[in-house]
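Trainee: Would you mind keeping the following structure in view while I ask a few things?
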Amino acid sequence: MIGLLCGLVAGAFWGGVFLAPKLLHAFTPLQMTAGRYLCYGLASAALLVPSARSVLARLTWADWRDLAGLSLLGNIVYYVGLAVSVQIAGVAPASLIIGLLPVTITLVGAKPGEGVALRRLIAPLLLVGAGVVCINVAAFQTVTDVSVPRLVFGLLAAVGALAVWTVYAVWNARRLAATPRFNSHEWSLLTGVVTGLLSLLLVVPAFLGGGPHVPTDWMTFWGVSLAVALGASVVGNGLWNTASRLLPLSLSGQLIVFETLFALVYGFLHDARWPLPLEAVAIVLMLAGVLWSVHLHRPSAQAHPAA
């Protein structure tokens, strides 16, 4: 139950990530990525200070290597793809393509004998996939101010973000299971510090020669960057690491759908509109698929697989 709650609340924080590119439309995806992860690195470093000596003493070169790879894929590359997709295709298409994560993580990360057998998850996974098909159809029907090639590029950016975060989620879950030296909070903060260091490489290309912005734009930029860094990266990632440790990957991967659902709610509130029919169908299909999967992971359901 605690693992499920952690996954749900993490999704609520992560959903705000999809709204940030809309709020910062005057800035480039590279600038948004640099700003968010500079703030994430500084916040993580500050929170790590009280236990820094103990934590750093436990780190090995293999830990540094994996933290660098996880930070690059799960944070920097992922967020660039997400921001590009949201700015071109919109919140709903981007969030629902990336909403395929429950399917891809389960397919890539499921192990025989861990959680629920993959064959029993085919039906709920198909529901989630059908929801993503619906939103892609809706994207091409409703977006009128973007050319088809540009829209395709925006959707492909979301697919790229989906791919790299799938690799990150599986790799991170396996690494957490194999690294009892660090608790979920410590591993999240270490990831934040390494991400902050990597984001320094983006500062010059992101901000050198960029377009002019008035002071209020910069206040909004750093305010949103800090909010996303603290909420999505520090709190959200910490909760997700806890869920990853408490739940089998075949279930924790399904919980990412809450990120999609919260992103849609935030996007609809920002645009002051109700979901379109196909968007509503997509939401119902994805939520039904995940709730079905959660039911299959209950001890009573696993004890009676034919039920």
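Trainee: For the stretch 1-81, divide the Cα radius of gyration by the Kirkwood radius and give the resulting Rg/Rh value with two decimals.
Mentor: On the way: Rg = 15.5 Å, Rh = 15.0 Å.
Taking Rg over the Kirkwood Rh, I get 1.03.
Trainee: Sticking with this one: Under the rule of at least 5 residues apart or a separate chain, name every residue whose amide H is placed under 5 Å from the amide H of Phe182.
Mentor: none
Trainee: How big is the shadow of the Cα convex hull of the stretch 188-235, averaged over all directions, in nm²? Don't skip to the answer; put the middle values down first.
Mentor: Details: hull surface 14.9 nm².
Dividing the Cα hull surface by four gives the mean projection, 3.7 nm².
Trainee: What stretch of the chain, leaving out the sites themselves, is the longest with no trypsin sites (Lys or Arg not before Pro) in a DSSP loop having at most 14 other Cβ atoms within 10 Å?
Mentor: Details: sites that count: Arg181, Arg273.
The longest such stretch corresponds to 1-180.
Trainee: Run the dipole for the chain about the Cα centre, Lys and Arg Cβ at +1, Asp and Glu Cβ at -1, nothing else charged, and hand back the magnitude in debye, nearest 20.
Mentor: Value, rounded to 20: 680 debye.
Trainee: Which FRET efficiency value, to the nearest 0.05, is calculated for Leu269 and Arg58 with the Förster distance at 51 angstrom and r the Cβ-Cβ distance?
Mentor: The calculated FRET efficiency here is 0.75.
Trainee: Would you calculate a helix-derived [θ] at 222 nm for the chain, using -39,500 (n - 2.57) for each DSSP H run of n ≥ 4 and dividing by the full residue count, to the nearest 500? The partial results should precede the final answer.
Mentor: Working: 17 runs with 228 residues, N = 307.
Theoretical 222 nm ellipticity from helices: -23500 deg cm²/dmol.
Trainee: Compute the length gained on full extension between Ala177 and Ala288: take 0.36 nm times their separation in residues and subtract their Cα-Cα distance, giving the result in nm to one decimal. All intermediate terms of the calculation are to be shown ahead of the outcome.
Mentor: Details: separation 111, 0.36 × 111 = 39.96 nm, distance 2.90 nm.
Once the chain is fully extended between Ala177 and Ala288, it gains 37.1 nm.
Trainee: Moving on. Starting from a Cα-only point model with no solvent, please compute log10 I(q)/I(0) by Debye for the stretch 161-294 at q = 0.20 1/Å.
Mentor: -1.28
Trainee: Let me ask another. Once you list every other residue whose beta carbon is under 14 Å from the beta carbon of Gly7, what net charge do they have if Lys and Arg are +1 and Asp and Glu are -1?
Mentor: Its environment carries a net charge of 0.
Trainee: Once you've got the GNM for the chain with C-alpha springs shorter than 10 Å, pick whichever of Leu67, Leu56, Leu285 has the biggest mean-square fluctuation.
Mentor: Of Leu67, Leu56, Leu285, the most mobile in the Gaussian network model is Leu56.
Trainee: With only alpha-carbon pairs counted, each pair once and no self-pairs, how large is the Kirkwood hydrodynamic radius of the chain in angstroms? Could you put the intermediate results ahead of the total?
Mentor: Working: mean 1/r = 0.0507 Å⁻¹.
Over the chain, the inverse of the mean reciprocal pair distance is 19.7 Å.
Trainee: Can you tell which of Val84, Val146, Val164 shows the greatest fluctuation in a Gaussian network model of the chain with Cα springs below 10 Å?
Mentor: Ranking Val84, Val146, Val164 by mean-square fluctuation puts Val146 first.
Trainee: Only Cα pairs within less than 10 Å get springs; with that Gaussian network setup on the chain, which residue of Ala157, Ala12, Ala26 has the largest fluctuation?
Mentor: Between Ala157, Ala12, Ala26, it is Ala26 that shows the largest mean-square fluctuation.
Only the coordinates and a few stated rules stand behind these numbers; no lab work does. Please read all numbers here as calculations on a predicted model, not as lab measurements. Every residue, glycine as well, gets a Cβ built from its backbone with ideal geometry; the counts of neighbours run over all protein chains shown.
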